[in-house]
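Enquirer: Below you'll find the structure I mean.
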Amino acid sequence: IDFFFRGSLNYERKTINFHRELLIKKLRIIQQRQKLSGVIRNDLFNEDNINNTTLLKVKGKLSLREYNYLMSLAKFGLSPFGWGEIGARDFEIFINGSLLIKPDMSHLETYPDFYKPMETFVPTRWDFEDLEDKILDLINDRKKREEISLNGQANYRDIISRDGMEKFCRWFEKQIKL
């Protein structure tokens, strides 16, 4: 499948839903224009071309195993802001080998650095106005798409490795000694 976004909109705070709703609206427009296959929340698009029983279950509740499996099938995993800029979905996307697309993170410094533009993820404008162009460019450039997704996955693995955790601890110790 081309893309995967399965996120809730059941939050009382409108600020949490805002970015997710904006992404969903934009994805639906892109999907209609480009006839892409994918998952938006509990909706499956272009299901006529899909012969996968797990994927056809997307309209209902998924087990964690099914969720991860479906994410691993997607070329792109989308992760809007919600409770903040960084979300668990970012890491699920890295783990499952999809290419992370999320709003630009250049305003935020993280350590370790998961968010290397066009190296470990694909940044979009916060209003998603460039999302369609980014998706189309990368759908047509399999080599670049796979390079970024593999870089993101390798970077994640390095960061959570024993060596990566030790580097983080050393960095943290330096921070608190300031």
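The values are calculated or read from the model by the stated rules, or taken from the named source; none is laboratory data. Since the model is a prediction, treat every value here as computed from it, not as a measurement. All Cβ positions, glycine included, derive from the backbone under ideal geometry; neighbour counts span all protein chains shown. To get the accessible areas, we keep the full protein, side chains included, count just its heavy atoms, and leave off ligands, DNA and RNA. Shrake-Rupley method; radii C 1.70, N 1.55, O 1.52, S 1.80 Å.
Enquirer: Considering only residues that are crowded, with 17+ Cβ neighbours inside 10 Å and modelled with pLDDT of 80 or more, which ones fall in the stretch 1-15?
Expert: Across the stretch 1-15, the qualifying residues are 1, 2, 3, 4, 5, 6.
Enquirer: Just for the stretch 113-126: of the residues that are charged (D, E, K, R) and modelled with pLDDT of 95 or more, which one is most open to solvent (accessible area, probe 1.4 Å)?
Expert: Among residues in the stretch 113-126 that are charged (D, E, K, R) and modelled with pLDDT of 95 or more, the one most open to solvent (accessible area, probe 1.4 Å) is 125.
Enquirer: Just one of the numbered conditions (1) buried (at least 16 other Cβ atoms within 10 Å of the Cβ); (2) modelled with pLDDT of 95 or more is not true of residue 86; which one?
Expert: (2)
Enquirer: Looking at the stretch 37-52, can you tell me whether even one residue there is surrounded by fewer than 17 Cβ atoms within 10 Å (Cβ to Cβ), over 18 Å from residue 97 (Cα atoms), at pLDDT 75 or above and out of contact with any Ser or Thr (no Cβ under 8 Å at 6 or more places or on another chain)?
Expert: No, the stretch 37-52 has no match at all.
Enquirer: Which is open to solvent by 30 Å² or more (accessible area, probe 1.4 Å) and of a type in the set (Val, Ile, Thr), of 95, 101?
Expert: From the options 95, 101, the qualifying one is 95.
Enquirer: Determine whether residue 110 is more than 27 Å from residue 25 (Cβ to Cβ) and either in contact with a strand residue (DSSP E or B) (Cβ under 7 Å, 6 or more places away or on another chain) or modelled with pLDDT under 95 (or both).
Expert: Against the criterion (more than 27 Å from residue 25 (Cβ to Cβ) and either in contact with a strand residue (DSSP E or B) (Cβ under 7 Å, 6 or more places away or on another chain) or modelled with pLDDT under 95 (or both)), residue 110 qualifies.
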